[in-house]
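Let me begin by presenting the structure, written as structure tokens, before commenting on it.
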Amino acid sequence: MKIEQRLAELGIELNPPPSGNGPYGQRYGRMKPFFISGRLLFLCGHTAGLDNGVPRFPGRLGHDLSIDEGYQAARRTGINCLSTIKRALGDLDRVSGIASSVNFIASTPDFFEHHKVTNGLTDLLADVFGDDIGVGPRASLGTPSLSDNYCFETSLTLQID
């Protein structure tokens, strides 16, 4: 099944991609949204994004946000990743595996369920690509804060054809 068809079935709409792969603006410093090397696509610094200029799901798990809200932030982050993958490759069907997912969860020192938050990203990728392609190795790390008070950020590496 084509991934675009699967997205439609799931009711997922991707963000319209800007053109090119130039550095982001000054908001987060100079970086590219993706990098391709051989059969690997690297995406770093992806979050749930902004809604009318305000970060989605701001705060820390264990203080401001529930596990379900963190899960939804990770899922929204995954949708933003899919948008960047589409921008980078032109065709989501070129994804052949998740090579690595390193995930940062803004949380209090006594929050220990980071993996439940990261499941929002992993579950989305599995729903879209299937378990064989969409599930890969991952790490979930707690951190005291993230840029713009986001609660979730990912660095995703994909294998591509």
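Quick check: anything in the stretch 131-146 at pLDDT 95 or above, of a type outside the set (Ser, Thr, Tyr), touching a Pro at 6+ places or on another chain (Cβ under 6 Å) and over 24 Å from GLU13 (Cα atoms)?
Within the stretch 131-146, none of the residues are at pLDDT 95 or above, of a type outside the set (Ser, Thr, Tyr), touching a Pro at 6+ places or on another chain (Cβ under 6 Å) and over 24 Å from GLU13 (Cα atoms).
Which of (1) in contact (Cβ under 8 Å) with a residue 60 or more places away in the chain; (2) hydroxyl-bearing (Ser, Thr, Tyr); (3) surrounded by fewer than 16 Cβ atoms within 10 Å (Cβ to Cβ) does THR84 not meet, given it meets every other one?
Failed condition: (3).
Of the residues ASP132, ASP127, ASP110, ASP68, only one is over 16 Å from CYS44 (Cβ atoms), over 17 Å from the mean Cα position of the chain (by Cα), acidic (Asp, Glu) and part of a helix (DSSP H, G or I); which?
Of ASP132, ASP127, ASP110, ASP68, the one residue that is over 16 Å from CYS44 (Cβ atoms), over 17 Å from the mean Cα position of the chain (by Cα), acidic (Asp, Glu) and part of a helix (DSSP H, G or I) is ASP132.
Can you pull out every residue in the stretch 89-109 that is within 26 Å of ASP161 (Cβ to Cβ) and in contact with a helix residue (DSSP H, G or I) (Cβ under 9 Å, 6 or more places away or on another chain)?
Scanning the stretch 89-109 gives ASP91, LEU92, ASP93, ARG94, VAL95, SER96, GLY97, ILE98, SER101, ASN103.
Those residues that are farther than 24 Å from TYR150 by Cα and modelled with pLDDT of 95 or more, I need them from the stretch 5-51; list them, please.
GLN5, ARG6, LEU7, ALA8, GLU9, LEU10, GLY11, ILE36, SER37, GLY38, ARG39, LEU40
So which residues in the stretch 79-107 are under 17 Å from PHE42 (Cβ atoms) and assigned to a helix (DSSP H, G or I), if there are any at all?
The answer is ASN80, CYS81, LEU82, SER83, THR84, ILE85, LYS86, ARG87, ALA88, LEU89, LEU92, ARG94.
The values are calculated or read from the model by the stated rules, or taken from the named source; none is laboratory data. Predicted model only: the values in this text are computed from it and were never measured. Here Cβ is always computed from backbone atoms with ideal geometry, including for glycine, and neighbour counts include all displayed protein chains.
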